[in-house]
Amino acid sequence: MKDKLYINETKEHFDVLVVGSGITGGWAAKEFCERGYKTLIIERGRVVEHRKDYIGEGKGPWQFANRMKVDNLLVEEQYRIQKQCYAFNDATKHFFGNDRDLPYSTETGTDFSWIRANQLGGKSLLWHRQSYRYSDFDFNANKADGHGIDWPIRYKDLAPWYSKVEKHAGISGSPEQLEQLPDGEFLPPFEMTSPEKQLKASIEKHYPERTLIMGRTAHLTKPSEFHLSQGRGQCMARDECQKGCSFGGYFSSQSSTLPAAAKTGNLHIAPNSVVHSLIYDEKSNRVKGVRVIDNDTLKTREYFARVVFLCASTLGSTQILLNSKTKTFPNGLANSSGVLGHYLMDHNYNAVIRGEFEGFEDEYYSGRRPSGIMVPNFQYRPDKYSKKYLRGYAFGGGSSRSNWQSSGWSDGIGAEFKNRLTQAGPWHMTLYAQGEMLPRYENSVSLHPTKTDKWGIPQLHINCKWSENEILMMQDAAETGKEMLLKAGLKNVHASVTTDTKAPGLAIHEVGTARMGADAKQSVLNAYNQSHDIPNLFVTDGASFCSSAVANPSLTFMALTVRAVDYCAKEMNAKRI
Amino acid sequence: MTAKQQQPGVKNHKRRDFIRQLTLALGSATAAGLVAGNGLSVALAYSAEPGIKDKTGLIFTRAQLTLLAKVCDTILPRTDTPSGSELDCHGFADHQLFHCFEQKQQKQCCDILDTISRQSRHTYRQEFARLPQQEQRALLLDIESTSGFTLEDKTQFKFLKALIVFGYFTSEAGATQALNYQAVPGGFRGSIPYDENSKAWGSLSYY
C-alpha cells in the first residue's frame, strides 16, 4: 500500500482534496477516508514518517553539536523568526519552517511572528497539546458585547463532535463542572505537586468564583484498548514532545489520524506540493481542483476532485484563497463579502507572574509533566468583565524546584557552590496569562503587491497589533496574578507585561481571516465551514474563527472539521455537492 | 604547536568560508541546509578530547584556554564527581561561544580572562594557573564581591561562569552522574520524598 500512499503526477479524479496534513487536515482525511471517499492530502512539505523521522528523539544534550542550541549562522540565515518559539532547538529545528524560503512582510509600525511547520503532520508535531472545549460564553461573546460578528454555532452544535475527537485523540483532564469550560471525555489527569495544591486551596478560599485545575492535554495518561490498537502507548512523561514521540504518547497526525486514514486504503498523499491557487469553474460555480508547484523542482501540476477542504493553517488557507483570483472573485476566491483576510487574531499571552514558595523542601516530583495547571477564565460573561476592558483571560502555569539553570547565576566558587548546583532549590510557581484578543477589521492580511516567494506566490503582508483592550487586560492580569500568589503566601513575587515588546503570533494561536457567519455579506463561511459563495469549498482550520475565545483552539479545530466533513458527506449523498 | 593541533580552528574557519562560497553559488538557505544536512556539522560536534588544553581555541588563545581550565576547576573543583576541566568545560565554552554567541559576548569572555590574568600577576605576582587553590578561589570571590574589580568585571565573569555551569551539567557525566537522569521516566508523580542526600534531576525538558 505504501507505494500507492505517496503520489506525484496523477490523472485520477478524487472525491476530496484536503490541503494540509496538520491537526485539521489529518482529521478531515480520516473522516472522509472512513466514509469511503477517495481522498488526496496535498502537503507542501516533505514526508515525516512516524518514529523513523524523529531524528532528535531520545538523545541527551551532550549528543548535540551545541548542547541543544542552534548554530548562530544557521539561525541568522534560516530561522530568525522561528527561533522565537520556545520549542525551537537543535532537536526540533527540522520541524520548523525555513524563514529564508518563507518570507512575508509586515505593515510599518507592526510586527507578527509567523511560526511555520511545513511538513507532513504540520504543527501537530510541534503543538503544546492543551485541549479545551469552548463554551456558550465563548460562542456568545461577540454577540453580547458587539465586537465581531456572532458565531453561527453554539455549544450544543459542537458538543457531540468534541466527544468524538476526544475519544479518538485521547485527552487527559479532570471533570470540574465549570460552566465556562465544559468537561469532555477524559483520560485521568496528570498529578499536581503539593505547592500547586496549596495554591489551588488558597485561590478557592480567597476567590469563590475562581479555581485551579490540572491542564487538559492530548496525552495518553491511560491508553484505552482502542488507543493501543492504533499502535499508541502510554505517555512516558518525557516532555520532549516536539522532537516527535515514538510511543505515540501525544496526539499528532502521525500517531493518530493519518494511520487511521491510511488503514482504509482510500488515502493518498501528494507531498512537496505547494498549492498556488484553486481551480475555479465560472460556469458551474464550483472549485475543480488545485494548482500546485513542486516544492523542490518548481514544476507545476494539478489535482482534481469533487470537493476541496482547505486545512492549510489559518494564514495558509487564507493566502491560497487570496491568490485564487477569478473573474467573479477578483479579490480572492469566495470573497464576495470582502472580509477575507480581515479579523486576524492571536492569543494575548503577555503577562508572566513568578513567585517563590516557602517549605515543601522534603518533596520533589518524578518525571517531566507535559502539561501545567490552569486557572480557567473567571471573566467569561459581560457581567463579570472588568470595568477597564472587555473579555477575559485564563492563567496557565506550574511549579518546579529551581536547578542549576538558575543557581548557576548565583554567587559562589568551589565545592560548596558545586554541591548546591546538584541540589533541588526552592519551589517556584509561574503563571502565564492567556487572554482573548478582540476581532478587529484592521488586523488583517493581504497579498503583497510586488513581492513573491521562490514558488512565485505573492507574499503575505500582515498588519496586526495589540489594541488598547489587550494592553489593559494584561496589565490587570499581571496585578491579579501577583495578588493571587501573594495571598497564597508566596515570596519574591514579580510580574511582567510584554505587550510592548512581544508582537502577536507567538502564541501560535492565529485565528480568523475567513470567518464563519450567518450573513454571507459579512462572512466567508457558513455554520458548517462551507463557503457561502462556492458550495464545494470548505475551510475548517483556524481561519474560520469569529473570535479567539480564551482557551487553546486546537480541539475546536478538530471538532469543527469532523462536523464539517459529516455535513459535506451528507450534501454529497444528496447530490447537492 | 603542530599543524594537527591547529586543525579544529582551521576547520571551522574553513567551514565559514565554505558556506560563504556555497552561498554565492546556491543561495544561502540551500548552502546552510547542505552543511547542516550532511556529516559536517556532526563531525564538528563538540566532544571532550584529552589534551585539548594544548590546543589553540576557536575564540581563546592557548594561554587563555589554559587559564580557563584552572578557572573551571576553581569554580567546579573535583569532589566525588569530576572537576570542570575534567569534563572539558573550558573547551566547551570555547566551542559554544564560537557557534552560539555574538562577538560581543565572545569578547567579554576574553576580556575577563585577561583581567583575571592581569590581576593575578598584580596582586599575587604569579600566573593564576600557578597560584595555590586557596588564592585562586579568593581571586574569583573578589570578582563576585567587586573588591578590586569593577561591576563590569563581575557581569562578564557571571556570564562566563554560567556558561561553564551549562557545559558541566549538559555533559554526559554532569547530567547523569552529578545529577539524576531519567531518559524515560515512564510517568509523572507530583510528590516524591526528597532529602539532603537526594540529587536534582539532570534530565530537563528544555536546555
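The values are calculated or read from the model by the stated rules, or taken from the named source; none is laboratory data. Quantities reported herein were computed from a predicted structural model and do not represent experimental measurements. In this analysis, Cβ positions are derived from the backbone assuming ideal geometry, glycine residues included, and neighbour counts consider all displayed protein chains.
Filter the range A:9-44 down to residues that are in a helix (DSSP H, G or I) and surrounded by 21 or more Cβ atoms within 10 Å (Cβ to Cβ), then give me how many there are. So the answer is 11. If you go through the range A:390-424 and keep only what is touching a Gly at 6+ places or on another chain (Cβ under 8 Å), more than 9 Å from every other protein chain (Cβ to nearest Cβ) and part of a helix (DSSP H, G or I), you end up with A:S406, A:R420. Considering the range B:158-177, the residues that are in contact with an Asp or Glu (Cβ under 9 Å, 6 or more places away or on another chain) and either among the hydrophobic types (A, V, I, L, M, F, W, C) or assigned to a loop (DSSP other than H, G, I, E, B) (or both) include one that is nearest to the other protein chains (Cβ to nearest Cβ), namely B:S171.
In the range B:112-137, of all residues being more than 14 Å from chain A (Cβ to nearest Cβ) and under 19 Å from B:R78 (Cβ atoms), the one that is nearest to the chain's Cα centre (by Cα) corresponds to B:A129. In the range A:94-127, what count of residues is obtained for those that are surrounded by fewer than 23 Cβ atoms within 10 Å (Cβ to Cβ), within 13 Å of chain B (Cβ to nearest Cβ) and not acidic (D, E)? Adding up the residues that qualify gives 6. The residues in the range A:72-85 that are under 27 Å from the mean Cα position of the chain (by Cα) and either buried (at least 20 other Cβ atoms within 10 Å of the Cβ) or facing chain B (nearest Cβ under 7 Å) (or both) can be counted, and the count is 7.
Quick check: is even one residue across the range A:312-320 under 20 Å from A:G456 (Cα atoms), in contact with a Pro (Cβ under 9 Å, 6 or more places away or on another chain), modelled with pLDDT of 95 or more and not in a loop (DSSP other than H, G, I, E, B)? Scanning the range A:312-320, I find at least one residue that is under 20 Å from A:G456 (Cα atoms), in contact with a Pro (Cβ under 9 Å, 6 or more places away or on another chain), modelled with pLDDT of 95 or more and not in a loop (DSSP other than H, G, I, E, B), so the answer is yes. Every residue in the range A:1-37 that is β-branched (V, I, T) and over 21 Å from A:N573 (Cα atoms), please. Hits for the range A:1-37 are A:I7, A:T10, A:V19, A:I23, A:T24.
Which of the following residues is modelled with pLDDT of 95 or more, within 30 Å of A:T300 (Cα to Cα) and surrounded by fewer than 18 Cβ atoms within 10 Å (Cβ to Cβ): A:E204, A:E209, A:E282, A:E225? Show your work before the answer.
Values: A:E204 fails: within 30 Å of A:T300 (Cα to Cα); A:E209 fails: within 30 Å of A:T300 (Cα to Cα); A:E225 fails: within 30 Å of A:T300 (Cα to Cα).
After ruling out the rest, the residue left standing is A:E282.
Residues that are more than 29 Å from A:D71 (Cβ to Cβ), in a helix (DSSP H, G or I), in the same structural domain as B:T155 (by TED's automatic domain parsing) and not β-branched (V, I, T) are absent from the range B:94-116 altogether.
Considering the range A:249-276, the residues that are away from chain B (no Cβ under 14 Å) and either assigned to a loop (DSSP other than H, G, I, E, B) or of a type in the set (D, E) (or both) include one that is surrounded by the fewest Cβ atoms within 10 Å (Cβ to Cβ), namely A:G265.
Once the range B:75-111 is narrowed to residues that are among the β-branched types (V, I, T) and in contact (Cβ under 8 Å) with a residue 40 or more places away in the chain, the residue that is nearest to the other protein chains (Cβ to nearest Cβ) is B:I75.
Please work out if B:L140 is assigned to a helix (DSSP H, G or I), at the interface with chain A (Cβ under 8 Å from one of its Cβ atoms), touching a residue at least 12 places away in the same chain (Cβ under 8 Å) and not acidic (D, E).
Yes, satisfied.
Condition first: without any contact (Cβ under 8 Å) to a residue 40 or more places away in the chain, more than 8 Å from every other protein chain (Cβ to nearest Cβ) and either crowded, with 16+ Cβ neighbours inside 10 Å or not small (G, A, S) (or both). Can you find one or more residues in the range B:183-194 that meet it? Within the range B:183-194, none of the residues are without any contact (Cβ under 8 Å) to a residue 40 or more places away in the chain, more than 8 Å from every other protein chain (Cβ to nearest Cβ) and either crowded, with 16+ Cβ neighbours inside 10 Å or not small (G, A, S) (or both).
Of all residues in the range B:143-156, those satisfying the criterion of being out of contact with any Lys or Arg (no Cβ under 8 Å at 6 or more places or on another chain) and facing another protein chain (nearest Cβ under 10 Å) are B:S145, B:K154. Listed by first and then second residue, the pairs linking a residue in the range A:45-71 that is within 12 Å of another protein chain (Cβ to nearest Cβ) and part of a helix (DSSP H, G or I) to a residue that is surrounded by fewer than 19 Cβ atoms within 10 Å (Cβ to Cβ) and acidic (D, E), with Cβ atoms under 8 Å apart and 6 or more places separating them unless they lie on different chains, are A:W62/B:E172.
Selection of the range A:296-314 for residues being within 27 Å of A:F112 (Cβ to Cβ) and either in contact with a Ser or Thr (Cβ under 7 Å, 6 or more places away or on another chain) or without any contact (Cβ under 8 Å) to a residue 40 or more places away in the chain (or both) yields A:F309, A:L310, A:C311, A:T314. Note on the range A:175-220: residues that are outside any strand (DSSP E or B), within 14 Å of another protein chain (Cβ to nearest Cβ), within 19 Å of A:R133 (Cα to Cα) and hydroxyl-bearing (S, T, Y) total 0.
Scanning the range B:59-72 for residues that are more than 10 Å from every other protein chain (Cβ to nearest Cβ) and either free of Cβ contacts under 8 Å to residues at least 60 places away in the same chain or of a type outside the set (S, T, N, Q) (or both) yields B:I59, B:F60, B:T61, B:R62, B:A63, B:Q64, B:L65, B:L67, B:L68, B:A69, B:K70, B:C72.
Got a number for residues in the range A:86-100 being charged (D, E, K, R) and outside any loop (DSSP other than H, G, I, E, B)? Summing the residues that are charged (D, E, K, R) and outside any loop (DSSP other than H, G, I, E, B) in the range A:86-100 gives 1.
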